1. What pairs can you find where one residue is in the range B:18-44 and within 15 Å of A:G34 (Cβ to Cβ) and within 10 Å of chain A (Cβ to nearest Cβ), the other is surrounded by fewer than 19 Cβ atoms within 10 Å (Cβ to Cβ) and among the basic types (K, R), and their Cβ atoms are less than 6 Å apart, with a gap of 6+ or different chains?
2. If you go through the range B:76-94 one residue at a time, do you hit one that is of a type in the set (S, T, N, Q), within 11 Å of chain A (Cβ to nearest Cβ) and more than 23 Å from A:D95 (Cβ to Cβ)?
3. Here is a check on your reading of the model: is B:R2 farther than 25 Å from A:W68 by Cα and either of a type in the set (S, T, Y) or in contact with a helix residue (DSSP H, G or I) (Cβ under 9 Å, 6 or more places away or on another chain) (or both)?
4. Could you tell me whether A:W47 is free of Cβ contacts under 8 Å to residues at least 60 places away in the same chain, hydrophobic (A, V, I, L, M, F, W, C) and either within 22 Å of B:G69 (Cβ to Cβ) or out of contact with any helix residue (DSSP H, G or I) (no Cβ under 8 Å at 6 or more places or on another chain) (or both)?
5. Write out, first by first residue and then by second, each pair whose Cβ atoms fall under 8 Å of each other, whose residues are 6+ apart or on separate chains, and whose first residue, in the range A:70-85, is modelled with pLDDT of 95 or more while the second is not in a helix (DSSP H, G or I).
6. Of the residues that make up the range A:11-30, is at least one within 11 Å of chain B (Cβ to nearest Cβ) and in contact with a helix residue (DSSP H, G or I) (Cβ under 6 Å, 6 or more places away or on another chain)?
7. Consider the range B:95-104. How many of its residues are of a type in the set (S, T, N, Q) and either crowded, with 17+ Cβ neighbours inside 10 Å or within 12 Å of chain A (Cβ to nearest Cβ) (or both)?
Amino acid sequence: MADVNRGNRPLSPHLQVYRLPLAAVTSIMTRITGHALVAGIVLIVWWLVAAVASPGAFACADWVMRSWLGFIILTGSMWALWYHMLAGIRHLFYDAGYGLEIGQAERSSQALIAGSVLLAILTLIIFFLF
Amino acid sequence: MRYLTPRKSAVGLGAAHEGTQHHWQMTVSAVALAILTPLFMITIACAIGLPRELVVAYFGRPLPALITGLFVIVGMVHFIKGTRIMIDDYCHGWTRKAAIILSAIFGWAVIAAAVYALVRMGLGAIIVL
């Protein structure tokens, strides 16, 4: 066997214990939130169609909208929509060639999480105040 | 030796001839949705909790109807193209074809349902007037 330097060479990543960097997590979250948003839009469109269908259909859809399940879906969708929108705007900058350095991606990931949570809380506050 | 001819690299379409088009359409719909998203949230937030007659009257007005219609149409077209990227990443062969077809059918069904409801509400408002 060839005389290889066994102590100093780079190790291949141990995939089972590999912790994803924050930029990778926020990138995957963009895809997850985008697809999960289907739940919110389907609920809202169902509610709209029910409103023109019949009083009974609307009562049913409106009950779901205002139930705790509806609250979770709508509030979750609202945060997911803010997150997906901010992540999409970041992607427009990526496409233009900005913010692609590791440090920049790390910072924009932090801003993405903080910004989406902040906007979601702000939206909830405004919604319940008015 | 490069196998790519100068003309090929100038056109920049790659082997599939359509990826750049898809990417550009996602960019255009993304910018449109960045404008529509806050407007749509305000529109829906104002309507949640209203009784049925007021919901119908509210979406019979031009601005809520236009914002909702535009958001659902542009959003679902963005969704169909977005799921296409994920399907291409994770599905292969027959499953890929089925998933692409189902995603398009689903997306356009949601658009049709929303447009139908908005048209009914809009016409209702005209009849009442």
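1. Pairs found: B:M26/B:K81.
2. The answer is no; no qualifying residue exists.
3. Yes.
4. Values: free of Cβ contacts under 8 Å to residues at least 60 places away in the same chain: yes; hydrophobic (A, V, I, L, M, F, W, C): yes; either within 22 Å of B:G69 (Cβ to Cβ) or out of contact with any helix residue (DSSP H, G or I) (no Cβ under 8 Å at 6 or more places or on another chain) (or both): yes.
Yes, satisfied.
5. Pairs found: A:L74/B:I48.
6. Yes, there is a match, as at least one residue in the range A:11-30 is within 11 Å of chain B (Cβ to nearest Cβ) and in contact with a helix residue (DSSP H, G or I) (Cβ under 6 Å, 6 or more places away or on another chain).
7. Taking the range B:95-104 first, the residues of a type in the set (S, T, N, Q) are B:95, B:103.
From what is left, the residues that are either crowded, with 17+ Cβ neighbours inside 10 Å or within 12 Å of chain A (Cβ to nearest Cβ) (or both) are B:103.
Looking only at that region, the number is 1.
Quick grid of which residues meet (1) touching a residue at least 60 places away in the same chain (Cβ under 8 Å); (2) outside any helix (DSSP H, G or I); (3) buried (at least 18 other Cβ atoms within 10 Å of the Cβ):
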residue: B:V77; (1), (2), (3): no, no, yes
residue: B:F106; (1), (2), (3): no, no, no
residue: B:Y116; (1), (2), (3): no, no, no
residue: B:G124; (1), (2), (3): yes, no, no
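The values are calculated or read from the model by the stated rules, or taken from the named source; none is laboratory data. The structure displayed is predicted, hence computed values, not measured ones. Methodologically, a virtual Cβ is constructed for each residue, glycine included, from the backbone with ideal geometry; neighbour enumeration extends over all protein chains shown.
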